[in-house]
1. Kindly indicate whether any position in the stretch 45-60 is under 18 Å from PHE21 (Cα atoms), in a helix (DSSP H, G or I) and touching a residue at least 60 places away in the same chain (Cβ under 8 Å).
2. Please count how many residues of the stretch 17-44 are farther than 22 Å from ARG100 by Cβ and assigned to a helix (DSSP H, G or I).
3. Which one of these does LEU96 not meet: (1) within 30 Å of ALA38 (Cα to Cα); (2) open to solvent by less than 60 Å² (accessible area, probe 1.4 Å); (3) in contact (Cβ under 8 Å) with a residue 40 or more places away in the chain?
4. Go through the stretch 160-184 and report how many residues are part of a loop (DSSP other than H, G, I, E, B), touching an Asp or Glu at 6+ places or on another chain (Cβ under 9 Å) and open to solvent by less than 90 Å² (accessible area, probe 1.4 Å).
5. In the stretch 185-202, what residues are farther than 17 Å from HIS219 by Cα and open to solvent by 70 Å² or more (accessible area, probe 1.4 Å)?
6. Got a number for residues in the stretch 50-68 being open to solvent by 40 Å² or more (accessible area, probe 1.4 Å), modelled with pLDDT of 90 or more and β-branched (Val, Ile, Thr)?
7. Considering (1) among the aliphatic types (A, V, I, L, M); (2) more than 28 Å from GLY205 (Cβ to Cβ); (3) part of a helix (DSSP H, G or I), say which one LEU138 fails and leave the rest.
8. Going residue by residue through the stretch 149-157, is there one that turns out to be open to solvent by 90 Å² or more (accessible area, probe 1.4 Å), more than 22 Å from the chain's Cα centre (by Cα) and under 26 Å from ARG241 (Cα atoms)?
Amino acid sequence: CRSCCDASHEMETDTLLARNFAEQHPSDAAQVLERLAAEEASAYLDDLPPRVAATVLHRMVSATAAECVAQLSPPRFAPVIAALPLDRSAALLRRLEPARQKELLSRVPSNISALLAGLLRYPENSAGALMDPRALTLPEDITAAEAMARVRRAPRHALYYIYVLNREQKLVGVMNLRELMLAPPKERLSGAMRREVASLPASAGRMAIIEHRGWRDVHALPVVDACGMFLGVLRYETLRRLERESVPAPSPEGALAAVLTLGEICWVGLAGILTDLTSSVAARTRSGKEAAND
């Protein structure tokens, strides 16, 4: 009937608007979702493409984001978690009850769940919990030509620095991609690498990470265990996030002054409209799932 078609068209329009807003303005979408009940927010995120949902979750307050993650439907949980940075996924899972955390981890591909389990072993906001364990490493006894071939096979994890390990998996050197490309093809990495490597212990806490002198010279620091074994890399963007989180909240007077700016007033009006829209989309999504289950 015509009314059914109109209702369906309206639903598609609302869904498209909400989806486009989340994709183009993820930070604003995160603030809108934080105003909703976790059930409504997760129903909305459930309807987004995993990459977009992950981008919005990445910008939400951790406590609220964790509640939403816990309520994502089983088919959607794994792809959303896979699209998030590993340290962010681990931080959200860390806020859940152990039984729920274990249940959700069982839904993620084994290669990702193993990496997440490794991060969850370390205290929150320690270098071990925040590192990227997928950084490319190479053994010291291969040639520069073979090293370049390995870089080409795994370009996603070769982000400027190449960390060189001995056969006991201990960090012994570092080189950047330019240095590797300029090295004689037959030279072994042990001769081409730089042996002075600033590193972070996995147990290092927030302030030790922020104040580490190595950030003056590099934009990524390797993380090692107590025996010097390489565990992963802490990147500069993580440092910046820790710095932002360490800044005290603005005073009420400063916050009030900010709210009174024209841009903030306009945003509040827009957020009100989007809250209604997002709630509507979430409710319709929930109703559609219930009807499908029936």
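The values are calculated or read from the model by the stated rules, or taken from the named source; none is laboratory data. In this text the structure is predicted, and so the values were computed from the model without any measurement. Methodologically, a virtual Cβ is constructed for each residue, glycine included, from the backbone with ideal geometry; neighbour enumeration extends over all protein chains shown. We work out accessible area using only protein heavy atoms, side chains counted, and drop any ligands, DNA or RNA first. Shrake-Rupley method; radii C 1.70, N 1.55, O 1.52, S 1.80 Å.
1. Within the stretch 45-60, one or more residues are under 18 Å from PHE21 (Cα atoms), in a helix (DSSP H, G or I) and touching a residue at least 60 places away in the same chain (Cβ under 8 Å).
2. Total meeting the criteria: 15.
3. Among (1) within 30 Å of ALA38 (Cα to Cα); (2) open to solvent by less than 60 Å² (accessible area, probe 1.4 Å); (3) in contact (Cβ under 8 Å) with a residue 40 or more places away in the chain, the lone unmet condition for LEU96 is (3).
4. The number of residues fulfilling the criteria is 1.
5. Residues satisfying the conditions are PRO185, LYS186, ARG188, ARG195.
6. 1
7. Condition (3) is where LEU138 drops out.
8. The answer is no, given that none of the residues of the stretch 149-157 is open to solvent by 90 Å² or more (accessible area, probe 1.4 Å), more than 22 Å from the chain's Cα centre (by Cα) and under 26 Å from ARG241 (Cα atoms).
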